[in-house]
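Rule-based calculations on the coordinates, nothing more; no lab input. This is a predicted model, so every value here is computed, not measured. FYI the Cβ positions are ideal-geometry reconstructions off the backbone, even for glycines, and counts take in every protein chain you see.
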Amino acid sequence: MSYQKPSRPATPRRRFTRRKGCRFCGDKALKIEYKEIRTLRYFISERGKIVPRRISGNCAIHQRRVTEAIKLARNIALLPFTAGQSVD
Amino acid sequence: MRAYETIYIVHPEVVGDGYNAVIDKFKGILTDQQANILKVDEWGTRKLAYTVKKQGRGTYVLMAYEANPTVIAELERRMRIDENIIKFQTILLENGYEDTSLPTEDQESSDDSEDSDDENAE
């Protein structure tokens, strides 16, 4: 995509593409679990959306596990469904 | 017997004796039905990602146990009745129980939020 926002010249373009390849394939010790929100935070956007595979770089198997873990974490209020709500 | 894990959120205003009573109550429900409790992990009070029953905070408790499937139905039925429980979730541990470290209070979003001001920046 060649679309460039002219108003933001200094923004780093490569947001999620820092790491090429699947993080979980590279690091077997890294667990995908709904309780490990520190890991999962990396795979949700500011808005609370799940980051797609083409950006996160995960392989299909691990992306599916990440997705399932995020959905479980959302259910029990560890992660937001959306960032639109304000919590005191 | 299968390994399950139930995570539930206790009302944040339930503290001290009342809080311990809630935990003991649900431990009792499990043991009464011949479930084998593996771990009870109290995460403490933490912020919820969204409000649940008008509460922005909640006290998380994680129970891992081995039980028959019928036990889950009874446990969840009792949790629904109890007003001190604001949310709960039971999952089946497919690979059996394995000990995991305790997650701490939110300390992330340091490198995540700084450079992510525009979602559609592609």
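Worth a mention:
- Table column - 3J(HN,Hα) (Hz), region A:22-36, Karplus curve with 6.51, -1.76, 1.60, x for Gly and Pro: 6, 5, 7, 6, x, 10, 5, 6, 6, 9, 9, 8, 5, 7, 7
- Members of A:Lys49/B:Lys27; A:Lys71/B:Lys27; B:Lys39/B:Lys87; A:Lys31/B:Lys47; A:Lys35/B:Lys27; A:Lys28/B:Lys25 lying beyond 30 Å, as alpha-carbon distances in this model show: A:Lys49/B:Lys27; A:Lys28/B:Lys25
- Sequentially through region B:83-88, phi angles give Karplus couplings (6.51, -1.76, 1.60; θ = phi - 60°) of 7, 7, 9, 9, 6, 8 Hz, Gly and Pro residues having no value and appearing as x.
- In sequence order, calculated HN-Hα J values of region B:10-22 (Karplus, 6.51, -1.76, 1.60; Hz; x Gly/Pro): 8, 4, x, 8, 8, 10, x, 5, x, 5, 5, 5, 5
- Debye log10 I(q)/I(0) at q = 0.22, 0.29 Å⁻¹ for region A:23-75, Cα point scatterers: -0.77, -1.34
- Neighbour-count ranking [beta-carbon atoms within 10 angstrom, fewest first] of B:Arg2, A:Arg23: B:Arg2, A:Arg23
- Neighbour counts of C-beta atoms inside 10 Å place A:Tyr42, B:Tyr8 in the sequence A:Tyr42, B:Tyr8, starting with the fewest.
- FRET efficiency estimate (nearest 0.05) - Cβ-Cβ, A:Asp27 to B:Glu83, R0 35 angstrom: 0.20
- Amide H contacts under 5 Å for B:Arg57: B:Leu48, restricted to partners 5 or more places along the chain or on a different chain, H placed in the peptide plane at 1.01 Å from N.
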